[in-house]
Amino acid sequence: MGLNKQQYDTIMREYERIRDMNHAKEAARRDEIYSMLPEYRELDSSMGSIAVRQVMMALGEDVSGTDDVHSSLSQISARKKQLLQDAGYSTDYLDPIYTCTDCKDTGYIQSETGLKEKCHCFRNREIALLYDQSNIQDMISSENFTTLSYHYYANDDLERFKRTVDICKNFVQNFEQDYHNLIFYGTVGTGKSFLSGCVANELLKNGNSVIYFSAVGMFERLAQFTFHSEGKNELVSFYEDLYQCDLLIIDDLGTELTNQFVSSQLFSCLNERHLRKKSTIISTNLSLEEIRDRYSDRVFSRLTSNYQFCKLTGPDIRMLKKRNTNLSIS
Ligand SMILES: [Zn+2]
């Protein structure tokens with residue numbers, strides 16, 4: 001699925017906004033330093049006049065003293081750093097600020113072949129626009145590994161949850177070098193989606209592309225593109241995103257209306273991602289037996305041979321949280 005012009009413009013405007021915001025931050029920092037360290041300001045302006053001389057020399061207007069210019073510029077730089085350091089600032093305090101240092105907030109990077117290509121931050125903005133990612137964005141804005149609480153679990157449930165959290169943290173840590181898949185299964189409301197969200201959050205921060213789908217949403221979209229003639233082109237690029245993104249999360253597998261189409265699409269997806277060594281996380285309320293009975297043998301065998309199964313059990317946390325909120329309101 002490609003971006004239309006309006007969506008592309010939306011993304012480019014977002015980069016403009018980020019650049020403006022960072023320029024404003026840089027200016028505020030410069031003002032702060034200038035008012036606190038007047039010598040710094042003087043050094044900056046003398047650097048400016050030296051730079052003018054340098055340009056003139058480069059134009060052949062004055063060739064004397066080239067070495068002097070270089071050495072005074074480097075002396076001034078060193079002095080400026082020293083001033084910052086003495087005042088308790090880091091020496092890069094006045095360097096340009098970038099939200100994405102890879103593309104310097106332009107959305108594009110130079111590929112190895114020398115061509116311009118989309119930066120990972122552009123890819124994630126594209127994914128968010130194309131495949132409504134509001135679900136996962138809402139989830140990870142409030143919940144992540146640092147807000148994690150063991151408060152709702154006890155005994156065996158707690159042990160299972162802790163073990164799975166460790167597995168998730170390892171998954172994130174080894175993501176670049178290890179191809180690994182996880183399936184969270186067990187009863188409703190035991191933190192399965194929450195853990196997928198935590199992993200997604202960390203990987204997005206590291207610049208990976210992550211696509212999150214509820215099973216219902218994913219199969220609906222596949223059906224829509226497959227069975228409508230105008231969707232054929234969309235289908236090709238949808239497959240490419242689905243099979244190629246760094247991490248695919250399929251949430252709530254089993255809540256969709258399962259039929260042969262769903263089963264075969266699921267197999268293609270798992271299989272393609274396995275061949276490409278791209279990791280996937282699935283969460284489901286189904287038991288192992290139910291997964292086996294509901295999907296084809298091929299799907300079940302892909303899952304059992306390529307996925308680490310993590311069982312989560314316990315009370316329905318969403319219900320508990322709701323009840324607590326109601327109690328505190330009443
Ligand atoms: Zn970027």
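Numbers below:
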quantity	calculated
Segment Phe300-Glu39, extension gain: residue separation times 0.36 nm, minus the distance between their alpha carbons	86.9 nm
Extended-chain gain in nm, criterion 0.36 nm per residue less alpha-carbon gap, Glu290 and Arg29	88.0 nm
Residue exposure sequence - Glu289, Glu143 - by fewest surrounding Cβ within 10 Å	Glu289, Glu143
Volume per residue of the C-alpha convex hull in the range 193-330, rounded to whole Å³	150
Asp157, Asp92 arranged by Cβ crowding within 10 Å, fewest neighbours leading	Asp92, Asp157
Pairwise Cα inverse-distance average, inverted: Kirkwood Rh of the range 151-225 (Å)	14.1
20 Å-binned pair-distance histogram of the chain (Cα, whole percent)	24, 43, 24, 9, 0
Residue order, fewest to most beta carbons within 10 Å, for Val55, Val210	Val55, Val210
Scattering curve values for the range 5-86, log₁₀ I(q)/I(0), Debye with Cα scatterers, q = 0.15, 0.17 Å⁻¹	-0.73, -0.80
Stretch gain in nm, segment Leu3-Lys322, where the contour uses 0.36 nm per residue and the Cα spacing is subtracted	111.0 nm
DSSP bridge pairs, the chain: antiparallel proportion in percent, nearest 5	15
Percent of Cα-Cα distances greater than 14 Å, calculated over the range 189-235	64
Cα-derived Rg over Rh, computed across the range 4-147 with Rh taken as Kirkwood radius	1.12
Global form of the range 123-178, assessed from the alpha-carbon gyration tensor, a/c cut-off 1.5	oblate
Two-site FRET efficiency, Lys169 against Met12, from Cβ-Cβ distance with R₀ of 30 Å, rounded to 0.05	0.25
Cα centroid separation, the range 150-214 to the range 256-300 (Å)	19
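Each value in this text was obtained by applying a stated rule to the coordinates, not by laboratory testing. Source: prediction; values computed, not measured. Using ideal geometry, Cβ is built from the backbone for each residue, glycine included, and neighbour counts are taken over all protein chains shown.
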